[in-house]
């Protein structure tokens, strides 16, 4: 699912992870405050999708809706969370696991 991390309309597992991280960092359980902090401090991953893909994707899977996005599809990815953690000095080390092996971010 390509959930928009700045809204509550849909949620995927990475957005849930981001919500928990932001809740912890800012010491709040208030979802409106969590989303405000995400909007202010987190840079979502932009997903290039043409109009045709956006129109036909929900026919393949109901999870592939983009109605919570504007013109640009932006979602939470583990890579975007890793960049956030790195930019804000929140991790000593960040690693990426791929079929080719494990690399340092």
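Points worth noting:
- All positions within segment 38-73 that are touching a helix residue (DSSP H, G or I) at 6+ places or on another chain (Cβ under 9 Å), surrounded by 17 or more Cβ atoms within 10 Å (Cβ to Cβ) and closer than 20 Å to residue 17 by Cβ: 38, 42, 44, 45, 69, 73
- Among (1) modelled with pLDDT of 85 or more; (2) within 20 Å of residue 80 (Cβ to Cβ); (3) outside any helix (DSSP H, G or I) - the single one residue 38 does not satisfy: (3)
- Here residue 55 meets each of (1) modelled with pLDDT of 95 or more; (2) not in a loop (DSSP other than H, G, I, E, B) with one exception, condition (1).
- Of residues in segment 96-105 being in a loop (DSSP other than H, G, I, E, B) and free of Cβ contacts under 8 Å to residues at least 12 places away in the same chain, the one surrounded by the fewest Cβ atoms within 10 Å (Cβ to Cβ): 99
- The sole residue among 4, 19 that is out of contact with any strand residue (DSSP E or B) (no Cβ under 6 Å at 6 or more places or on another chain) and at pLDDT below 95 is 4.
- Only one of the numbered conditions (1) without any contact (Cβ under 8 Å) to a residue 12 or more places away in the chain; (2) surrounded by 14 or more Cβ atoms within 10 Å (Cβ to Cβ); (3) within 18 Å of the chain's Cα centre (by Cα) is violated by residue 28, and that is (3).
- Entry remark, segment 74-95: residues being in contact with a strand residue (DSSP E or B) (Cβ under 9 Å, 6 or more places away or on another chain), more than 18 Å from residue 20 (Cβ to Cβ) and without any contact (Cβ under 8 Å) to a residue 60 or more places away in the chain number 2 in total.
The values are calculated or read from the model by the stated rules, or taken from the named source; none is laboratory data. Keep in mind it's a predicted model, so treat the numbers as computed, not measured. All Cβ positions, even for glycine, are placed from backbone atoms using ideal geometry, and neighbour counts span all protein chains on display.
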